[in-house]
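Asker: Just dropping this structure here.
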Amino acid sequence: MKKIILAIILIVSMSAASLTGCGQKKMDEMKQTEEKKKTDEMKEPEKMKKPEEIKDDLEQTKDEAIADMKHYVRKLDQLAVVRDVKDFDLSKSLTDMLEDSEKGEVKKITVDDSKVDYTKPGVYPAEVTMELEKDNRQVIKKGKVDLRVIEKEDAKKQAESGYVVFGSEEMLEAR
């Protein structure tokens, strides 16, 4: 009789141990759940963006940079150049537009106008980079602006509509 009771106790304890796995299985599940929560918490604020949404964020940042640069060059988004202009340097022209009080803060303006065809009227993208010094630290702003290449006959009309026109006898700007 003792053997039967001992055998039953042994079978029950082995069955219980195999079902619970000495708690190891439950501990593994708890760790996985905890790790998943941490991963989800890290992802949640950012909410994994689609590539086109990321592109929109970059463009928005560039738009904000252009808005900041317009503080120094007022009509940065309203630039026009007369077709076939000779010896034209847009970087120098934008630097010349700075007020004297702002020239100390703006260290350098460079323009990548490699996509602009100055021989053919149209609207072309130009990348503007402005190096500023604020509170003894260097700040770089970059953004794209649309540069209009126009016929000489249209220069006055463009200036009257608010554009800064380079390349005519003198720089035209609506006041």
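The values are calculated or read from the model by the stated rules, or taken from the named source; none is laboratory data. All values derive from a computational prediction rather than experimental measurement. Note: ideal-geometry Cβ built from the backbone for every residue, glycine included; neighbour counts use all protein chains shown. With ligands, DNA and RNA removed, areas are computed over all heavy atoms of the protein, side chains included. Shrake-Rupley method; radii C 1.70, N 1.55, O 1.52, S 1.80 Å.
One line per residue, one yes/no per condition, for (1) within 20 Å of ARG148 (Cα to Cα); (2) among the β-branched types (Val, Ile, Thr):
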| residue | (1), (2) |
| --- | --- |
| ASP77 | yes, no |
| VAL85 | yes, yes |
| LEU90 | yes, no |
| VAL106 | no, yes |
| LYS115 | yes, no |
| TYR124 | yes, no |
| ASN136 | no, no |
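Asker: So, ASP84, is that one under 20 Å from ALA155 (Cα atoms), modelled with pLDDT of 85 or more, open to solvent by 30 Å² or more (accessible area, probe 1.4 Å) and of a type outside the set (Ser, Thr, Tyr) or not? Explain how you work it out, then say what you get.
Answerer: Numbers: under 20 Å from ALA155 (Cα atoms): yes; modelled with pLDDT of 85 or more: yes; open to solvent by 30 Å² or more (accessible area, probe 1.4 Å): yes; of a type outside the set (Ser, Thr, Tyr): yes.
Yes, satisfied.
Asker: Give the residues of region 110-135 that are β-branched (Val, Ile, Thr) and open to solvent by 30 Å² or more (accessible area, probe 1.4 Å), sorted by residue number. Before you say what the answer is, go through the steps one by one.
Answerer: Step one: list which residues in region 110-135 are β-branched (Val, Ile, Thr), which gives 110-111, 116, 119, 123, 128-129.
Once the filter is applied, which keeps residues that are β-branched (Val, Ile, Thr) and open to solvent by 30 Å² or more (accessible area, probe 1.4 Å), region 110-135 yields THR110, THR119, VAL123.
Asker: Determine, yes or no, whether GLU133 is farther than 28 Å from VAL82 by Cβ, over 22 Å from the mean Cα position of the chain (by Cα) and of a type in the set (Asp, Glu). Spell out the reasoning first.
Answerer: On the way: farther than 28 Å from VAL82 by Cβ: yes; over 22 Å from the mean Cα position of the chain (by Cα): no; of a type in the set (Asp, Glu): yes.
Considered against the rule, which asks whether it is farther than 28 Å from VAL82 by Cβ, over 22 Å from the mean Cα position of the chain (by Cα) and of a type in the set (Asp, Glu), GLU133 comes out as no.
Asker: Open to solvent by 30 Å² or more (accessible area, probe 1.4 Å) and not in a strand (DSSP E or B), is that true of LYS107?
Answerer: Details: open to solvent by 30 Å² or more (accessible area, probe 1.4 Å): yes; not in a strand (DSSP E or B): no.
Answer is no for this residue.
Asker: Assigned to a helix (DSSP H, G or I) and either closer than 30 Å to GLY162 by Cα or modelled with pLDDT of 70 or more (or both): is that true of LEU94 in this structure?
Answerer: Working: assigned to a helix (DSSP H, G or I): yes; either closer than 30 Å to GLY162 by Cα or modelled with pLDDT of 70 or more (or both): yes.
So LEU94 passes the test.
Asker: Among the residues that make up region 69-78, is at least one of them closer than 15 Å to GLU133 by Cα and open to solvent by less than 50 Å² (accessible area, probe 1.4 Å)?
Answerer: Applying the first criterion (closer than 15 Å to GLU133 by Cα) to region 69-78 yields 69, 71-72.
Next, only the ones that are open to solvent by less than 50 Å² (accessible area, probe 1.4 Å) stay: 69, 72.
Yes, there is a match, as at least one residue in region 69-78 is closer than 15 Å to GLU133 by Cα and open to solvent by less than 50 Å² (accessible area, probe 1.4 Å).
Asker: Still on this structure, please answer the following. Tell me, yes or no, whether region 139-153 has at least one residue that is assigned to a strand (DSSP E or B), more than 19 Å from ASP63 (Cα to Cα) and open to solvent by 60 Å² or more (accessible area, probe 1.4 Å).
Answerer: Applying the first criterion (assigned to a strand (DSSP E or B)) to region 139-153 yields 139-150.
Still in the list and also more than 19 Å from ASP63 (Cα to Cα): 149-150.
After this cut, where a residue has to be open to solvent by 60 Å² or more (accessible area, probe 1.4 Å) as well, the list is none.
No, region 139-153 contains no residue that is assigned to a strand (DSSP E or B), more than 19 Å from ASP63 (Cα to Cα) and open to solvent by 60 Å² or more (accessible area, probe 1.4 Å).
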